[in-house]
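The values are calculated or read from the model by the stated rules, or taken from the named source; none is laboratory data. Being a predicted model, the structure only gives us computed values, none of them experimental. When we count neighbours, we look across all protein chains shown, and the Cβ atoms used for this are built from the backbone with ideal geometry, even at glycine. What goes into the accessible areas is simple: the full protein's heavy atoms, side chains included, and nothing from ligands, DNA or RNA. Shrake-Rupley method; radii C 1.70, N 1.55, O 1.52, S 1.80 Å.
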Amino acid sequence: MSHNTFGRVFRFTTWGESHGPALGAVVDGCPPGLVLSEDQIQPFMDARKPGQSKFTTQRKEPDAVKILSGTFEGKTTGTPISLMIENVDQRSKDYSEVAKAYRPGHADYAYDAKYGFRDYRGGGRSSARETAARVAAGAVARLVIPEVTITAYVSQIGDDEIDRTTMDFGEIGNNPFFCPDPAAAKRWEKLVDDARLAGSSLGAVVECVATGVPAGWGAPVYAKLDADLAAGMMGINAVKGVEIGDGFGAAKLTGEQNADPMRSGQAGPEFTANHAGGIAGGISTGQPVVVRVAFKPTSSILTAVDTINRDGENTQIQTKGRHDPCVGIRGTPVVEAMMALVLADHKMLHRAQCG
């Protein structure tokens, strides 16, 4: 299988499967001399790890990261950084039915069609378990961009959205949904639990805001910052849509409504709007970089759905085992990680060309 690497100067490669002995990432291109320890990575892993509430999968994984290479005396050496996360709570027997038939909406059939073979235990490389490695790599990327603050949050579950007039970033860590609106978080408890008890699942929208990104990161044409962000976010399991700034909403606006007016300020231009999401012509403007990511409902559900088996015969499938009733919830730290990874790469690309 090819294409397991992302990035140009700051690159990472993920490896491993959902039910293998371990998974991890190799980060290449990290500058030397940065202070790095496992304790710095672990808080980000803890935000993503499963089994923390009834609103996520009950698979119990500590997601403890081990640094195998790339550091000496607590600092990065400039050589590849190898990160390993052991799998300790696999239950492969839960996937006996998946071995016989394809889960609609999952990658089962597409993998089989491409490779003629698939790891049905949790989906192998198509499992969201792979994203643990991205979060570990993203923690390293944050060391490269200390000037940037990245905040992601769930803004919608199903068709229930947050109230943006009362949202408070300080509330994100106070509920299991990474939600900045406590009233919405309270509603979502019943919404997600009802879907779980019904053997179904729900989609979600995760928004991510990066502040402190200076003007000038990115490049026109084939290295656009927004294009790389879109590619990074679309590469996350279960993501089916990405918007930068107003995104599809911009199509409803007139030219003057969509403009981000500028006025002269003491430290450079001051913007009175940010419809572009902090990126113009593929290059950061100095405004907050805003990305919105849509996660589909989890495809592994207890409700029986029509499908076919590998012999092409009609059948139905119920996916047993432990699965997220709303995969977008734990997708929030993954979105943050991909934002960090893309921004770190573009900071280094900018330095390489412009000094």
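Quick notes on this structure:
- Selection status of E243, farther than 24 Å from D160 by Cβ and of a type outside the set (G, A, S): no
- Yes/no for A227 being open to solvent by less than 60 Å² (accessible area, probe 1.4 Å), part of a helix (DSSP H, G or I) and not β-branched (V, I, T): yes
- Within the range 102-126, if we keep just the residues that are at pLDDT below 85 and either of a type in the set (A, V, I, L, M) or part of a loop (DSSP other than H, G, I, E, B) (or both), the residue that is nearest to G235 (Cα to Cα) turns out to be G123.
- From the list A185, A204, the one residue that fits, being buried (at least 20 other Cβ atoms within 10 Å of the Cβ), modelled with pLDDT of 95 or more and either among the polar types (S, T, N, Q) or farther than 24 Å from L341 by Cβ (or both), is A185.
- Test: residue in the range 140-158 that is aromatic (F, W, Y) and assigned to a loop (DSSP other than H, G, I, E, B): no
- The condition (being touching a residue at least 60 places away in the same chain (Cβ under 8 Å), under 23 Å from I145 (Cα atoms) and open to solvent by less than 60 Å² (accessible area, probe 1.4 Å)) is satisfied by just one residue among A210, A195: A210.
- Test: residue in the range 319-327 that is touching a strand residue (DSSP E or B) at 6+ places or on another chain (Cβ under 6 Å) and either closer than 28 Å to T5 by Cβ or among the aliphatic types (A, V, I, L, M) (or both): yes
- Taking the criterion of being surrounded by 13 or more Cβ atoms within 10 Å (Cβ to Cβ) and either modelled with pLDDT of 90 or more or farther than 30 Å from R48 by Cβ (or both), the residues of the range 301-315 that qualify are T307, I308, N309, R310, T315.
- Matching residues in the range 260-280 - criterion: being of a type in the set (G, A, S) and surrounded by 14 or more Cβ atoms within 10 Å (Cβ to Cβ): A273, A276, G277, G278, A280
- The residue of the range 52-75 that is modelled with the lowest pLDDT, among those that are touching a Lys or Arg at 6+ places or on another chain (Cβ under 9 Å) and crowded, with 18+ Cβ neighbours inside 10 Å, is R59.
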